[in-house]
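As structure tokens, the structure follows; a few thoughts come after it.
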Amino acid sequence: MQLDYIAVRIAHTGQSQVEFFSVFTGIIAAVGKISRVESAKGGLRLAIDAGKLGLSDLKVGDSVAVNGACLTVVRRGKRSFGVDVSRETLRCTAGLDKPGEVNLEKALRLSDRLDGHLVLGHVDGVGKVVRFEAVGENRLLRMRAPADLARYIARKGSIAVHGVSLTVNAARGAEFEVNLIPHTLAATTLRRLGVGDRVNLEVDPLARYAERLLRRA
């Protein structure tokens, strides 16, 4: 059973409305590969080779984070699955419009541990790699976020980069740094990044709620 994040909001009519979102942890389960991209009504349909991702409990209608974007499974094979990507999702993400490796994570279940941080799979914007270099066995990754996201990124806070839960080591203006340990490099696609590459960013949703509360104070 997938765990849904429940949000209650007050509509302009004064009536409460309940919305359900799938929840992820930012702990990548497998590196898969977009093997085929086809035109579909309203966007694209992707065929994704699942790699080491277990598919025995995955069914049509379930959610999978693909490079940090929450997508709905529309087809499932023995070692692959298909998803549709809307034009809006294509507009605000990177790496979902062509074949290539992608980070994969199934939605959280009630029995799962939360080892990363709460990730909703709603990509907030696309950042750009400005520095990527070795520091011993680790890698220092510096990125530039869109200006409107910078206020949500703070030192020691959490951020998802291509779906990977990471801790911010430094933040200056719109630029921020994270440290990639050998395990993260081995288990995700981040090892293949280079200066100038575009990455999907999702800020910690708690930062957005904190901002909203402060505005009302």
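The values are calculated or read from the model by the stated rules, or taken from the named source; none is laboratory data. The shown structure was predicted, so the numbers you read here are calculated from the model rather than taken from an experiment. So basically every Cβ, Gly included, is an ideal-geometry build from the backbone, and we count neighbours across all protein chains shown.
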Within region 88-201, which strands (runs of 3 or more DSSP E) (wholly inside it) include 1 or more residues that are out of contact with any Leu (no Cβ under 8 Å at 6 or more places or on another chain) and closer than 30 Å to Ser39 by Cβ?
100-106, 125-135
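Go through Val164, Val126, Val119, Val102 for me and flag whichever is more than 28 Å from Gly54 (Cβ to Cβ) and among the β-branched types (Val, Ile, Thr). Break it down into steps so the answer makes sense when it comes.
Numbers: Val164 fails: more than 28 Å from Gly54 (Cβ to Cβ); Val119 fails: more than 28 Å from Gly54 (Cβ to Cβ); Val102 fails: more than 28 Å from Gly54 (Cβ to Cβ).
Step by step, each of Val164, Val126, Val119, Val102 is checked, and only Val126 is more than 28 Å from Gly54 (Cβ to Cβ) and among the β-branched types (Val, Ile, Thr).
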Return the pair list, or none, for Cβ contacts closer than 9 Å from residues in region 198-213 that are under 18 Å from Gly125 (Cα atoms) to residues that are part of a strand (DSSP E or B) and of a type in the set (Phe, Trp, Tyr), at least 6 apart or on different chains.
Pro205/Tyr5
Are any residues in region 106-126 touching a Ser or Thr at 6+ places or on another chain (Cβ under 8 Å) and acidic (Asp, Glu), and if so, which ones?
Asp112, Asp115
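Could you tell me whether Ala134 is surrounded by fewer than 17 Cβ atoms within 10 Å (Cβ to Cβ) and of a type in the set (A, V, I, L, M)?
It is true that Ala134 is surrounded by fewer than 17 Cβ atoms within 10 Å (Cβ to Cβ) and of a type in the set (A, V, I, L, M).
Can you name every residue in region 65-83 that is of a type in the set (Gly, Ala, Ser) and outside any strand (DSSP E or B)?
Of all residues in region 65-83, those of a type in the set (Gly, Ala, Ser) come to 65, 68-69, 77, 80, 82.
Result: Gly68, Gly77.
Please determine, by comparing only the residues of region 2-57 that are of a type in the set (Ser, Thr, Tyr) and not in a strand (DSSP E or B), which one is modelled with the lowest pLDDT. Step through it out loud before you land on a result.
To start, the set of residues in region 2-57 that are of a type in the set (Ser, Thr, Tyr) comprises 5, 13, 16, 22, 25, 35, 39, 56.
Remaining after also requiring not in a strand (DSSP E or B): 13, 25, 56.
Details: Thr13: 45, Thr25: 93, Ser56: 95.
Checked region 2-57; the qualifying residue modelled with the lowest pLDDT is Thr13.
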Any residue in region 171-181 that is of a type in the set (Val, Ile, Thr), buried (at least 20 other Cβ atoms within 10 Å of the Cβ) and touching an Asp or Glu at 6+ places or on another chain (Cβ under 9 Å)?
no
